[in-house]
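Let me begin by presenting the structure, written as structure tokens, before commenting on it.
The values are calculated or read from the model by the stated rules, or taken from the named source; none is laboratory data. Predicted model, so just to flag it, every value in this text is computed and none were measured. Please note: Cβ atoms are built from the backbone with ideal geometry, for glycine as well, and neighbour counts cover all protein chains shown. Accessible surface is based on the protein model in full, side chains and every heavy atom, while ligands, DNA and RNA are left aside. Shrake-Rupley method; radii C 1.70, N 1.55, O 1.52, S 1.80 Å.
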Amino acid sequence: MSLLLTAIIFAFIGAIVFSLIGLISGTDETAIMVPLTLLVILLGAPPVAVFSFFMAAVLAKHLTHAVPTALMGIPGDTTAVPLIDHANTLRRMGMPHVALRKMISGGIIGAFIALPTAVLLGQFLGQFADFFKSSAGIIFTLAAILIAYFSKGRWVSVLMIIPFAFFIKSLDLMSFTLLDKHLSISFFLGIAVGPMFSDILFATSASAKRSIERSKPKEYHLAPETKAWKGYFPNPLKILTGRQKFFTAITTFISSLTFVFSPVGMTSLMGEIVGSRTKGAYKKSTTSLTVMNGVTESTYIAEAIIPLIAFGIPLSPVALGPASPLFNAPPVFTVDPVNNLHTYMTSWDFFIYGFIGLAVAALIAYPFSMNYARKASVIVMKFVSQEAIVAMFIGLACLLAFHEAQFVGIALTFTVAAVGGLLNRILGIGAGVQFMVFYASAWIMATLFGF
């Protein structure tokens, strides 16, 4: 089978799977994308097919996450949280369908602007790759401090860098003693599923479960479905006004360049800037939603592609979270030495196979969201259990951890998940900080303690 056809097939799989996952509210990108991307890599998919799968997954997830956000007023995932206020404004006006159309149309534009921008910037920064690779340890440490400072935990995140690095390195030395090899996938999985696993721990604790108990089921009211276009595939450029297309193009281009900043932070910032320059509640909300979902797409795509092309080491929040398997998935991909998509793909490969992933996802997720959003929401709310989704990803984490190191891998995964998840939920030390500390832990411990 040709590489092109293989890439299209994997893009199709990614688009279908993540279009459905995006409909389920509250799903965390890192927790779902890391295990599934790892699975694709370890099953032996060619590097270009892995990349097409990931690009299709990113776009599909962020198109359909708009459905629960717009129609039900609950965030589809963590990056959808900044969009809730504007989405609720349009829901109160009786126009959630308008919010949905604006959001996903902005996402389509943002994705296809981010791809060439990220490839070109990655090529330019590639001139400095040797410096970044040789200084990886101190760069990871400084980046961990920077990301920690700008996270919601701020000072506690900064203060916990050394203790968490000590924790990671201690587990690494223990597992090396038992297995005579260093583990990586189990650490990734532990950090990724930590927030979900911490919810399970809360539910089993007599004192902590009070914070998550509910006296009655939540009620959601869905507006009737309306359609203002002919045919199955609407034109996103006709859904948006000229002003909305202009702001989306500008903000997604800028956010593609700022690949070291948090996607949630950039989404909020660009939405506030555009919203402050738009008068009227309706125009302000629709324009902000268009821009914000576009920025969500552009940051995710650029933050994965730029470090892959330029350095081969994860130097962005997305590269350290959802995209981390593209950099490090032993024994297939590694960062020390660099042997991952950076090694196997050229800049043209990133553009061509990235475009394939985005195009396939756009052809599947965009018309699906525009035409069947309400029906899909009803099915998900009635028949899909949030607990079942959590159990599925916890089970997948067990499978991948066992593949790497049998029961030691499983024990390590859930040890990291317990500690990392509680640090995330209680202290606000996000997964991006934890991933960065994981990469920096060897340099920190060697510098401070000589081991």
Ranked by how many other beta carbons lie within 10 Å on average, peptides 253-263, 53-63, 304-314 from highest: 53-63, 304-314, 253-263
Ranked packing of 116-125, 319-328, 286-295, most packed first, by mean Cβ within 10 Å: 286-295, 319-328, 116-125
Excluding ligands, DNA and RNA, what is the solvent-accessible area per residue of region 384-451 at a probe of 1.4 Å, expressed in Å²? 42
Please list, by residue number, everything in region 142-158 whose backbone N is under 18 Å from a paramagnetic label point 7 Å out along Cα→Cβ of I426. 152-158
Sum of -39500 (n - 2.57) over DSSP H runs of 4+, divided by residues of the chain (222 nm, nearest 500): -24500 deg cm²/dmol
Which whole-number percent gives the relative contact order of the chain, counting Cα pairs below 8 Å spaced six or more residues apart? 32
Please report, in cubic angstrom per residue, the volume enclosed by the convex hull of the alpha-carbon atoms of region 265-347. 89
Can you give me the Cα centroid spacing of region 141-177 and region 1-60 in angstrom? 29
Using R₀ = 25 Å, calculate the FRET efficiency as 1/(1 + (r/R₀)^6) where r is the Cβ-Cβ separation of F407 and L43; round to 0.05. 0.70
How much length is gained on full extension from D130 to T6, taking 0.36 nm per residue of separation minus their Cα-Cα distance? 41.4 nm
Going by alpha carbons, how many degrees (0 to 90, nearest 10) lie between the helix axis of 185-204 and the longest principal axis of the chain? 70
Quick check: Cα centre of region 419-451 to Cα centre of region 310-340, how many Å? 17
Compute the length gained on full extension between N88 and K216: take 0.36 nm times their separation in residues and subtract their Cα-Cα distance, giving the result in nm to one decimal. 43.9 nm
For N339, which sequence-distant residues (separation of 5 or more, or a different chain) have an amide H within less than 5 Å of its own amide H, given hydrogens modelled in the peptide plane? T334
What whole-number value in cubic angstrom gives the convex hull volume per residue for the C-alpha atoms of the chain? 142
Going 7 Å from the Cα of A249 in the Cα-to-Cβ direction, what parts of region 90-108 have a backbone nitrogen less than 18 Å from that spot? 105-108
Keeping all protein chains in place, calculate the accessible area per residue for region 311-368 (probe 1.4 angstrom), answer in Å². 30
Which angle between 0 and 90 degrees, to the nearest 10, do you get for helix 29-42 versus the longest principal axis of the chain when only C-alpha atoms count? 60
Can you give me the angle between helix 3-22 and the longest principal axis of the chain, using Cα atoms only, in degrees from 0 to 90, rounded to the nearest 10? 70
Carbon and sulfur atoms account, in whole percent of the 1.4 Å probe accessible area of the chain, for 69
